[in-house]
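Here the structure comes first, spelled out in structure tokens, and everything after it is commentary.
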Amino acid sequence: MKKILGIAMVLGLVGALSVMAQDVKLGKVEVIELGKDVKLEMVLIPAGKFKMGSPASEKHRFKETQHEVTLTKPFYMGKYEVTQERWESVMGTGFLWFGGNPSTIKGPELPVTGVSWNDCKEFIKKLNAKTETDGGYRLPTEAECEYACRAGTMTVYSFGDKIMPKDLNYNNAKIGKPVAVGSYKPNTFGLYDLHGNVSEWCEDWYEDYPAGGVTDPKGPAKEVYRVLRGGSFICNDPSARSAFRFSSKPTQRSYINGFRLAMAP
């Protein structure tokens, strides 16, 4: 069984969020030991309903038809993007084709980059075997990503309708590279860097949104491109929005792309 080091609580109120599972303690964090003092921190996100996408009045929107989404089960979401230290603890330190660290800019607390969707799935396969979680770790769905990012908000960003360089690592911050995870303030759920830093792979294939409400959406069975979320250190203001979505082939590796984990409770 996976090794649980401890439980922490992050207090906060989510005003606009319709929480369904009242017994779920908002902000509960599960800490999993990967060996050699390397840990994963997973934050419990309650089930609930929210408006996914953007309203017609939101500038720069594209294929973001607003619709109601119901997530019927709570889930764990990575507190941080997967770092190079955590990647190497599972995949090794050699070249990528031997399972090593593909990041161009190296640093243990920097998010791993240069990973394809397929690479992320291989990491998850090995992580599940290492921690004996029987397939528990996975990529989050696109709906889970936006739900976790918004954390009950309906504004353009999870912290309001405007952003400044103090809020996230994007092009106006003029850093030009990934920064250590957790360098900016978390959202109400206690999650870091859901805007900017690196774009994050989702589980779903990319397609247009439905016009009506959906429950536990997982995307189409098969398409050409996978979804990415969150913008990156080179994105502009519109590409850092909570509703922003884009896509890439699952084999594509890019210096701006990384990922974070999800897990069933």
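Any read-out appearing in this document is the output of simple, stated calculations on the displayed coordinates, not a laboratory observation. For clarity, every value in this text was computed on a predicted model and none was experimentally measured. Positions of Cβ are generated from backbone atoms using ideal geometry, with glycine treated the same way; all protein chains shown enter the neighbour counts.
Some notes on this structure:
- Cut-off of 10 Å, at most 12 other beta carbons, DSSP loop: longest stretch of the chain lacking such chymotrypsin sites (Phe, Trp or Tyr not before Pro): 96-265
- Virtual spin-label span in nm between Phe246 and Lys63, 7 Å along Cα→Cβ: 1.3
- Rg/Rh for segment 180-265 (Cα atoms only, Rh after Kirkwood) is 0.97.
- Share of Cα-Cα pairs in the chain lying beyond 24 Å, as whole percent: 44
- Cα-Cα over 26 Å, subset of Lys49/Lys121; Lys126/Lys218; Lys28/Lys73: Lys49/Lys121
- Charge tally around Pro220: other residues with Cβ under 9 Å, Lys/Arg +1 each, Asp/Glu -1 each, net -1.
- Result for the chain in a Gaussian network model with C-alpha springs under 10 Å: among Pro55, Pro102, Pro165, the largest mean-square fluctuation is at Pro165.
- Gly258 long-range amide H proximity, modeled H, under 5 Å: Ser199, Glu200, Trp201
- Think of the chain as having a plus end and a minus end, set by charges on the Cβ of Lys, Arg, Asp and Glu; of Thr113, Phe50, Thr70, Thr113 sits farthest toward the positive end of this dipole.
- Estimated FRET transfer efficiency (Asn118, Lys162; beta-carbon r; R0 30 Å; 0.05): 0.25
- Stretch gain in nm, segment Met154-Tyr225, where the contour uses 0.36 nm per residue and the Cα spacing is subtracted: 22.8 nm
- A Förster radius of 22 Å combined with the Cβ-Cβ distance from Ala211 to Thr72 puts the calculated FRET efficiency at roughly 0.60.
- Label-to-label distance, Lys218 versus Asn172, with points set 7 angstrom from Cα along the beta-carbon direction: 3.9 nm.
- 3J(HN,Hα) along segment 186-202, derived from phi through the Karplus expression 6.51 cos²θ - 1.76 cosθ + 1.60 where θ = phi - 60°, amounts to x, 7, 5, 6, x, 9, 10, 6, 6, 10, x, 6, 9, 6, 10, 5, 10 Hz, with x in place of Gly and Pro.
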